[in-house]
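Following: one structure in structure tokens, then a few remarks.
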Amino acid sequence: MKILVVGGAGYIGSHVAREFLDRGDSVTVYDNLSTGTRENLFPEEEFVLGDILDYPAILGAARGGGFDALIHLAAAKAAGESMLNPMKYSTQNLSGTVNILNAAVEAGIHKVVFSSSAATYGEPKYLPIDEKHPTDPENYYGFTKLEIERILAWYDRLKGMRYAALRYFNAAGYDTRGRITGLERNPANLLPVVMEVAAGMRPSIQVFGDDYDTKDGTGVRDYVHVNDLARGHVAALLWIAKNDQSLTVNLGSEEGISVKEMLESARRITGRPIKADFVARRPGDPARLVASSALARETLGWTAKDSDVDSLVRTTWDAYRSHIAHN
Ligand code: WQD
């Protein structure tokens, strides 16, 4: 197949592009490199430097390659930031995605895989969270993802666009074969922050609360390895193509890992002390978030295989360590 990966120079986008390349598909990446990096591009793929807010540019790219499908992973994703600067998220996530979907329709690309998020659910009403769980986002980032899902449903109904909305839980880890090493700039997520401390790029990590009603008092999340996520994108595209219908599905490991468990694994694997200061809870943080991925298992035959805590930590440390060695 010929795939247009919008946001394919980013952390998750590059792993998705790699998975399609490994299958023998041809990949074109469209990215403005605002958060993505050239380091994450592969020689086998085409690269178009462009912004999703530049409609003529994204339309030209969509028209230019006889694409069978479009994968959309170009978005702002920091939940906390979205509450301070919703305008950025309206522009990038909503206006940007409308441009992408309109370009897809005009270019005759009828299959779209969309990077959605567990943030669409908001505060868990029950666990594990399945796709029937109420969607009541707690932050503006999650709201933008849910709104895009709603637009996709209309484009399915009115323009015959078949989509897969993939609700990622906490994406983590790096390519198990070490082919992707681009580091996120100014990360806020747990594992990259832990790795920056291990690598001496940051003095310590603040642990947001150790008084939760969880196994060890710290927050528990469902971390899913980016290679597992990438395999989920391929499986989802093949499914919507075969069945000519759309799908909204969770991608999670179904395992809950606490902050303390992540720190223990990181100290053991890196051999570094990794200073942690325990501070107050972060507003809006639920104690536990764990997915049910039964639908992905039953429909796509997908399960997370690389998402155990040591694989997440070891592959991420390998990426960070490669930068220490270079610098
Ligand atoms: C994980 C755990 C924190 C950093 C966010 C977005 C969500 C999704 C994934 C895109 C929590 C604790 C973290 C730190 C800490 N993004 N933590 N100190 O909040 O579960 O989800 O990223 O789809 O939309 O909301 O991820 O990595 O920020 O936090 O103690 O410096 O680590 O309290 O328990 P989160 P996270």
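The values are calculated or read from the model by the stated rules, or taken from the named source; none is laboratory data. None of these values were measured; they are calculated from a predicted model. Positions of Cβ are generated from backbone atoms using ideal geometry, with glycine treated the same way; all protein chains shown enter the neighbour counts. Ligands, DNA and RNA are excluded from the accessible area calculation, which covers all protein heavy atoms including side chains. Shrake-Rupley method; radii C 1.70, N 1.55, O 1.52, S 1.80 Å.
I'd like to check one number: the per residue accessible area of the range 1-131, probe 1.4 Å, reported in Å² as a whole number. Could you put the intermediate results ahead of the total?
On the way: 5070 Å² over 131 residues.
Roughly 39 Å² per residue, with all protein chains present.
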TODO: With the full set of protein chains in place, find how many percent of the accessible area of the chain is carbon and sulfur; take the probe as 1.4 Å.
DONE: 50 percent
Task: Per-selection Rg to Rh, the range 4-153 - Cα, Kirkwood hydrodynamic radius - done: 0.98
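Might you report the magnitude of the Cβ-based charge dipole of the range 265-327 about its Cα centre, with Lys and Arg at +1 and Asp and Glu at -1, to the nearest 20 debye? Please list the in-between numbers first.
Working: 11 positive and 7 negative charges, 57 e Å.
It comes to approximately 280 debye.
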Open item on the list: Rounded, prolate or oblate, given the Cα gyration tensor of the range 180-327, with a/c below 1.5 counting as rounded?
Closed with: oblate
Open item on the list: Using only alpha-carbon positions, what ratio does the radius of gyration of the range 70-192 give when scaled by 2.2 N^0.38 Å?
Closed with: 1.12
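As an exercise, use a Förster radius of 41 Å and the Cβ-Cβ distance of Arg272 and Arg150 to find the FRET efficiency, rounded to the nearest 0.05. Intermediate values should be presented prior to the final figure.
Values: r = 45 Å, r/R0 = 1.09.
The value I calculate is 0.35.
Which value in Å is the Kirkwood Rh of the range 1-59 over different Cα pairs?
Evaluated on the range 1-59, it is 11.2 Å.
Hey, got a sec? Which trypsin sites (Lys or Arg not before Pro) in the range 94-162 land in a DSSP loop and have at most 15 other Cβ atoms within 10 Å? Could the numbers behind the result be given before it?
On the way: sites: Lys111, Lys125, Lys132, Lys145, Arg150, Arg157, Lys159, Arg162; in loops: Lys125, Lys132.
Here the trypsin sites (Lys or Arg not before Pro) that fit, given the DSSP loop and packing criteria, are Lys125, Lys132.
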Open item on the list: Quick one: the Cα spread of the chain along its three principal axes, in angstroms, biggest first?
Closed with: 53, 46, 38
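Suppose R0 equals 41 Å. What FRET efficiency, 1/(1 + (r/R0)^6) with r the Cβ-Cβ distance, do Val279 and Lys242 give to the nearest 0.05?
Numbers: r = 49 Å, r/R0 = 1.20.
E between Val279 and Lys242, to the nearest 0.05, is 0.25.
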TODO: Measure nothing but the geometry: give the 0 to 90° angle between the long axis through the Cα atoms of 140-159 and the longest principal axis through the Cα atoms of the chain, rounded to 10°.
DONE: 20 degrees
Open item on the list: Could you give the length gained by full extension between His323 and Arg38, i.e. 0.36 nm per residue of separation minus their alpha carbon distance, to one decimal place?
Closed with: 101.1 nm
Task: Centroid-to-centroid separation of the range 29-74 and the range 261-327 [C-alpha atoms, Å] - done: 28 Å
- [ ] May I ask what percent, to the nearest 5, of DSSP beta bridges between residues of the chain are antiparallel?
- [x] 5 percent
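Run the count for the range 154-277, please: Lys pairs, Cα-Cα under 29 angstrom, 8 or more apart or on different chains.
Number of lysine pairs found: 4.
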Open item on the list: I'd like the orientation of helix 96-106 relative to the chain: the angle between its Cα long axis and the longest Cα principal axis, in ° from 0 to 90, rounded to 10.
Closed with: 30 degrees
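Quick one: dipole size for the range 203-263, taken about the Cα centre, charges +1 on Lys/Arg Cβ and -1 on Asp/Glu Cβ, in debye to the nearest 20. Write down the numbers at each step before the final one.
On the way: 5 positive and 10 negative charges, 67 e Å.
Computed about the Cα centre, the dipole is about 320 debye.
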Task: Within the chain, helix-based [θ] at 222 nm, where runs of 4 or more DSSP H residues each add -39,500 (n - 2.57), nearest 500 - done: -11500 deg cm²/dmol
TODO: State log₁₀ I(q)/I(0) for the range 137-256 at q = 0.18, 0.20, 0.21 Å⁻¹ as given by the Debye formula over alpha-carbon point scatterers of equal weight, solvent excluded.
DONE: -1.14, -1.26, -1.30
Task: Among Ala61, Ile100, Met195 - extreme Cα towards positive end, dipole of the chain, charges at beta-carbon - done: Ala61
Task: Tensor-based shape of the range 180-235 (alpha-carbon gyration tensor, a/c under 1.5 rounded, otherwise prolate or oblate) - done: oblate
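Between Asp136 and Asp310, what is the FRET efficiency for a Förster distance of 35 Å, r being their Cβ-Cβ separation, to the nearest 0.05? Kindly include the intermediate steps, with their values, before the conclusion.
Numbers: r = 34 Å, r/R0 = 0.98.
The pair Asp136/Asp310 has a calculated efficiency of 0.55.
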TODO: Report the extension gain between Arg297 and Lys125 in nm, rounded to one decimal, defined as 0.36 nm multiplied by the number of residues separating them, less their alpha carbon distance.
DONE: 59.7 nm
TODO: Step through the residues of the range 240-255 one at a time and calculate ³J(HN,Hα) from phi using the Karplus curve (6.51 cos²θ - 1.76 cosθ + 1.60, θ = phi - 60°), rounding each to whole Hz and writing x for Gly and Pro.
DONE: 5, 5, 6, 9, 6, 8, 8, 8, 10, 8, 6, 10, x, 7, 6, 9
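Quick check on the range 279-327: take the gyration tensor over C-alpha atoms, sort the square-rooted eigenvalues as a ≥ b ≥ c, and tell me if it's rounded (a/c under 1.5), prolate or oblate.
Details: a/c = 3.63, a/b = 1.27, b/c = 2.86.
Because a/c hits 1.5 or more and a/b fails to exceed b/c, the range 279-327 counts as oblate.
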- [ ] Would you rank Met87, Met262 by solvent-accessible area, highest first, keeping every protein chain in place and using a 1.4 Å probe?
- [x] Met87, Met262
